[in-house]
Amino acid sequence: MTDSCDLVKDVARDRRAGRLAAALNELTDVDMLLERVLTDARALVAAEAGSIYLRRGDTLVLAITQNSFLERIVNEPSDLPFLNYILKLDRSSLAGYVALERKALVVNNTSDIDLDAPFQHNTAIDNSTNYVCRSVLTLPLVCAPGDTMGVLQLINPLGGDGHIKDFDEDDVSLGKFYVHCASMAMGKTMMLRSMTIRSVEVISSHDPQETPAHAQRVACVATELYEHWSVRRGVPASERFRILDMLPLAAMLHDVGKMSIPGAILTKPGRLDLKERAMMESHVLTGARLFRKARTPLDRLTFQIILDHHERWDGQGYPGWVDIDTGLPLPGRAGPTGRVRGKKGEDISIYGRILAVADVYDALVSRKTYKDSFDESLSIQIMQQESGHHFDPEVVVSLLARRKVLKKIHERFPDHLETSELAGEAPLAKAPVAYPLFF
């Protein structure tokens, strides 16, 4: 007979799963959603570790990985290995088998898998981390019949004594319910990312410098910088995660106003004359006007990023304190010569200050029509020299703190990537931001 205490626990866990699943619909960014899905799924079954693989063509890319055991034995999350790991999409691995069969699979002792089984446990990641995946629950992420986006793996559930136990039927049932809800939310956020990246592709057809890969890199760098800055500043967790969810999509549209600039100016190899420079700088106001009647938090954040990302910490940036419709100085904001004053210091939104750093850093380390890529060390040196002049010194501190991650971002999103790859691209497989559990 089932103990009444167990029934109460089961009901409480089911309700908790329902609340967690419902909360997924509030997220807009696929990377943040994946981290949230994995964090919450692990919490529901007390899994010590877990991973999400996303399907890309005939491969499965390791998108997100978490491991409480490994996180306890490193000094910083950034010390964890970056596992840009790719599996061939076939039935030889647990992940591949589940992706193709589209049904849950439980293996409670990976060392006991029969040699005649169609799948085997791939030990490559275990060997690279010295961590043994003993019990594995693998679940398909399917957003529509026949459309498998990837798989979720939950690894080594812990009992009340802290030791690894087997996955039971309740774990599997709960996992199936949760990944069904997660799959629907993933389909929505992936479509939103795809639409954003295709908007950037329209810009890149006009300005070859503004590639979708560049937009993706700037968005990833901005997210890393904001995360580090906000933790140091003591920004409340709920606010931090709200911004981190919206920032990638907003950041990708920072130069949307360039669609209004003549191609001859955008692609001119030499210096721009004063008239051409004024035309180039007008892209900020053109882009901001698209979002001036913002109705959603995401639109408002996008507006602030577009408007402020060319301002400078020392007040020498643009467009400054202007009416975005007329481009004329706001009352009391004109200098002695009648020229509009630039925003200065913390008058510039933190999102604009972060995008300024992310955008210039990517321009330095990337090849452009007017320059070869700079060495990463030289680029960092230039950023440091501009601290307190062009850039907010605190944001430059965050740049230095996340230097290792930024190099990986640049490697992950080269300019030759196709738009279709970027639209479904996974974030770096690394330790996630520390999500609070929303119950």
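The values are calculated or read from the model by the stated rules, or taken from the named source; none is laboratory data. For clarity, every value in this text was computed on a predicted model and none was experimentally measured. All Cβ positions, glycine included, derive from the backbone under ideal geometry; neighbour counts span all protein chains shown.
So the values come out like this:
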{"read-out": "Matching residues, region 282-307, being crowded, with 16+ Cβ neighbours inside 10 Å, without any contact (Cβ under 8 Å) to a residue 24 or more places away in the chain and in contact with a Ser or Thr (Cβ under 9 Å, 6 or more places away or on another chain)", "value": "Phe291"}
{"read-out": "Pairs, first crowded, with 22+ Cβ neighbours inside 10 Å in region 247-262, second aromatic (Phe, Trp, Tyr), C-beta under 7 Å, six or more apart", "value": "Leu247/Tyr226"}
{"read-out": "Odd one out for Gly320, checked against (1) crowded, with 19+ Cβ neighbours inside 10 Å; (2) in contact with a strand residue (DSSP E or B) (Cβ under 9 Å, 6 or more places away or on another chain); (3) part of a helix (DSSP H, G or I)", "value": "(3)"}
{"read-out": "Some residue of region 348-364 being over 28 Å from Ala63 (Cα atoms), part of a loop (DSSP other than H, G, I, E, B) and not aromatic (Phe, Trp, Tyr)", "value": "yes"}
{"read-out": "Members of region 376-408 that are part of a loop (DSSP other than H, G, I, E, B) and under 25 Å from the mean Cα position of the chain (by Cα)", "value": "Asp392, Arg402"}
{"read-out": "Filter pass, Ala358 being modelled with pLDDT under 70, buried (at least 18 other Cβ atoms within 10 Å of the Cβ) and under 30 Å from Thr65 (Cα atoms)", "value": "no"}
{"read-out": "Filter pass, Ala21 being under 21 Å from the mean Cα position of the chain (by Cα), within 27 Å of Arg240 (Cβ to Cβ) and at pLDDT 90 or above", "value": "no"}
{"read-out": "Single residue of Met246, Met259 found to be of a type in the set (A, V, I, L, M) and over 16 Å from the mean Cα position of the chain (by Cα)", "value": "Met259"}
{"read-out": "Selection status of Leu272, in the same structural domain as Trp229 (by TED's automatic domain parsing) and either assigned to a helix (DSSP H, G or I) or crowded, with 16+ Cβ neighbours inside 10 Å (or both)", "value": "no"}
{"read-out": "Residue check for Thr189: of a type in the set (Val, Ile, Thr), under 29 Å from Ala46 (Cβ atoms), at pLDDT 85 or above and in a helix (DSSP H, G or I)", "value": "yes"}
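Listed here are the residues, each with its yes/no results for (1) free of Cβ contacts under 8 Å to residues at least 40 places away in the same chain; (2) under 30 Å from Ala356 (Cβ atoms).
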| residue | (1), (2) |
| --- | --- |
| Ala144 | no, no |
| Met149 | no, no |
| Leu154 | no, no |
| Gly160 | yes, no |
| Lys165 | yes, no |
| Phe177 | no, no |
| Ala182 | no, no |
| Glu201 | no, yes |
| Ala213 | no, yes |
